[in-house]
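J.: Submitted below is the structure of interest, expressed as structure tokens.
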Amino acid sequence: MQVKTKAIVISALKYQEKSLIVKCLTLSDGMKTYFVANAFASKKNLQKIAYFQPLTILEIEAKHKNKGTLEYFKEVRMGYPFKTIHQNIVKSAIVLFLSEVLHHCIQEEEKNEDFFNYLEAALFWLDEHDEAANFHLILLLGMTRFFGFYPAISNQNAAFFELTEGIFTPYHGVSCLSEHETLLFKKLINLRFDSEAKLFVAAERQLLLKIVLDYYAIHLDGFKKPKSLDVLAAVFS
């Protein structure tokens with residue numbers, strides 16, 4: 001089946017000496033994996049490798065067999081040329097980290113226009129704004145709405161957050177955050193991209209990131225700690 005669709009690059013893995021295996025979140029069909037033959041074979045193709053940087057937004061034409069095998073691009077164009085993301089070391093570290101998280105989170109080939117549009121809009125915002133210190137935290141928590149384990153916020157006055165059930169509770173159980181951690185988590189839940197960036201200090205961001213990744217690990221089978229986590233920590237240290 002021939003398709004024309006927007007796509008967000010999740011990962012690009014070099015295959016043998018000249019080719020790439022590229023995983024994309026597509027607007028039309030959810031997650032798809034493509035084989036790019038001879039990507040490193042000529043100067044013309046080398047220019048296209050830039051299209052496959054983490055979380056780049058593309059417009060593609062492709063042939064989808066929909067048999068769970070590798071698909072093939074017919075044509076690839078830049079859908080939205082980022083002005084700052086791949087030139088800014090902080091933003092580059094953020095998108096590298098987030099692409100790795102998404103690689104582990106999205107397994108099925110299911111169309112989800114709402115999630116695609118949410119992620120695309122968030123990337124537009126990141127590209128247009130200078131202050132990005134809380135961006136990855138807000139996005140990670142926001143994505144849990146689409147993954148099915150967004151925290152239940154009906155009882156936010158309670159002192160503790162229970163990670164396994166995703167609820168606030170007045171009782172401190174084994175899988176609960178501490179009272180201090182819960183206070184930070186409540187602030188994060190109410191944070192928006194354009195909120196005050198200095199709400200958290202660096203140590204609090206590191207703690208919140210650990211909390212959110214632990215939350216992911218509890219609710220997503222096979223979720224792995226991103227290898228780029230150390231890079232992100234170094235950038236924000």
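Taken together, the values in this text are just the output of simple stated rules run on the coordinates, not laboratory data. On a predicted model such as this, the values are computed, not experimentally measured, just so you know. Note that each Cβ is placed from the backbone with ideal geometry, even for glycine, and that neighbours are counted across all protein chains shown.
J.: Find the residue count for the stretch 218-235, including only residues that are farther than 15 Å from L98 by Cα and either in contact (Cβ under 8 Å) with a residue 24 or more places away in the chain or assigned to a helix (DSSP H, G or I) (or both).
T.: Residues flagged as farther than 15 Å from L98 by Cα and either in contact (Cβ under 8 Å) with a residue 24 or more places away in the chain or assigned to a helix (DSSP H, G or I) (or both) within the stretch 218-235 amount to 5.
J.: Of all residues in the stretch 170-201, which are closer than 24 Å to I218 by Cα, surrounded by 10 or more Cβ atoms within 10 Å (Cβ to Cβ) and among the hydroxyl-bearing types (S, T, Y)?
T.: S175, S178, T182
J.: Residue under question is Y118, and the condition is that it be outside any helix (DSSP H, G or I), surrounded by fewer than 17 Cβ atoms within 10 Å (Cβ to Cβ) and either in contact (Cβ under 8 Å) with a residue 40 or more places away in the chain or of a type outside the set (S, T, N, Q) (or both); does it hold?
T.: For Y118, the condition - outside any helix (DSSP H, G or I), surrounded by fewer than 17 Cβ atoms within 10 Å (Cβ to Cβ) and either in contact (Cβ under 8 Å) with a residue 40 or more places away in the chain or of a type outside the set (S, T, N, Q) (or both) - is not met.
J.: Within the stretch 138-148, is there a residue that is among the polar types (S, T, N, Q) and not in a helix (DSSP H, G or I)?
T.: Scanning the stretch 138-148, I find no residue that is among the polar types (S, T, N, Q) and not in a helix (DSSP H, G or I), so the answer is no.
J.: A follow-up question, please. Is it the case that L184 is over 21 Å from N157 (Cβ atoms) and either in a helix (DSSP H, G or I) or over 17 Å from the mean Cα position of the chain (by Cα) (or both)?
T.: Criteria not met by L184.
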